[in-house]
1. I'd like the distance separating the alpha-carbon centroids of region 168-209 and region 265-338, in whole Å.
2. Give me, ordered by chain and number, the residues 5 or more places off R236 or on other chains with an amide H under 5 Å from its own placed amide H.
3. Run the quick spin-label model on R101 and D3: label points 7 Å from Cα toward the beta carbon, then report their separation in nm to one decimal.
4. Quickly rank 308-314, 81-87 as a protection proxy: mean count of other C-beta atoms within 10 Å, highest first.
5. For region 87-147 and region 14-67, what is the separation of their Cα centres, given in Å?
6. For a test of the definition: using alpha carbon positions, the gyration tensor, and the 1.5 limit on a/c, classify region 1-72 as rounded, prolate or oblate.
7. Tell me which residues come under 5 Å, amide H to amide H, from S146 once H is placed; ignore anything under 5 positions away on its chain.
8. Only loop residues by DSSP count here, and only those with at most 10 other Cβ atoms within 10 Å; note down the trypsin sites (Lys or Arg not before Pro) in region 6-71 that meet that.
Amino acid sequence: MDDTVTFAGWELPHRPGYLNTASIGIPPLRASAVVADVVARWAVGAASPKDFDDDVEAARAGFAAITGVPVADVAQGATTSGLIGPLAASVPDGTRVLVARGEFSSVTRPFAVQAHRGVRVTEVPLPELAAHAGDHDLVAVSVVQSADGAIADVDALLAARARSGVRLLFDVTQAAGWLPLRLHDADAVVGAGYKWLLAPRGTAWLARRPSWVDGPPAGACWPEPVPHSAGWYGTRDRWGGGLYTPDPPARPGPAGGEEAPVWFAHAGAAVTLPWLASLDADGLRAHCVGLADTLRERLGMPPAGSAIVSVRAEGAADRLAAAGVTAAVRDGAARLAFHLSTTPDDVEAAAAALR
């Protein structure tokens with residue numbers, strides 16, 4: 001491919017004006033080549049189910065390394081809402097769930113549909129989460145907000161957890177892959193792979209820590225979540241007796257209740273997540289945020305420290321599209337995202353379109 005950029009020694013396609021990683025990431029060429037090879041082998045009957053076991057475990061380990069959680073606590077799945085759903089179904093009747101106003105519905109809806117059990121979802125502005133956390137049983141929040149890139153105060157929420165025993169569920173879908181994360185003290189961490197983690201759609205992971213059940217130091221115990229999607233893949237002997245037994249011995253930890261993986265998607269994730277985990281996290285953030293804050297400066301906006309820029313201006317999305325800049329519209333504003341394949345020329349193209 002002629003138009004490529006290089007980051008940390010790896011080539012990525014460069015589509016001029018592509019500022020939409022927050023919707024779907026552009027993978028490095030090594031990852032797309034692996035997925036293309038898998039598809040080619042499938043097309044001629046040369047793929048075997050066992051071929052993907054190592055990929056699933058490599059991606060799992062990559063997610064654990066990126067988020068700072070033990071790999072033994074990580075289950076894989078296909079979507080964030082699908083992984084959150086069993087957690088939401090397991091919270092006690094009457095659980096009080098606190099979320100940020102405007103939070104992405106994959107985080108909020110699994111709890112909202114539990115209203116028939118008295119589960120209550122309350123919205124407050126993102127900066128007020130920590131102040132209200134002690135009046136609730138669970139805070140469920142995206143570390144980086146989908147609509148505008150605002151960053152949750154993770155440290156303040158962890159401090160609130162230590163004081164009050166409130167549980168914390170962090171969604172890292174818009175954070176993992178550019179923002180340094182160390183979330184081992186959270187009770188649950190979930191994220192999808194197809195945005196900043198540069199994996200194909202169909203990959204997601206959930207780290208459920210023992211404290212989800214046992215409770216934080218000042219919290220009460222909760223029921224063990226029922227793995228409603230448990231299937232053959234979570235068994236100890238998946239290629240033997242586990243295939244044809246109604247309740248075979250499960251793997252230890254949350255992985256024992258996981259569904260079967262999307263094989264081709266994990267083939268790509270097994271390339272991108274370990275690579276991202278190997279990069280200098282602070283340098284990765286500096287690259288992405290530097291580009292985003294440069295655009296903010298060009299537009300007369302203050303720096304925000306986020307890889308996502310939201311521009312609420314008349315006709316912004318139309319002007320970007322006319323200039324060949326690929327962005328999204330979220331909550332009535334143009335949303336631009338800056339990642340590994342973004343160049344200074346992309347920033348200038350967006351700035352020229354929006355000035």
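1. 17
2. The answer is A250, R251.
3. Here the modelled spin labels are 4.1 nm apart.
4. Highest-to-lowest ranking by the protection proxy: 81-87, 308-314.
5. If we compute the Cα centre of each part, the gap is 32 Å.
6. It is oblate, given that a/c is not under 1.5 and a/b is not larger than b/c.
7. So S146 has HN proximity to F104.
8. Nothing satisfies the criteria.
Coordinate-derived values only; no laboratory data. Since the model is a prediction, treat every value here as computed from it, not as a measurement. Neighbour counts are summed over all protein chains in view; Cβ atoms, including those assigned to glycine, are modelled from backbone coordinates with ideal geometry.
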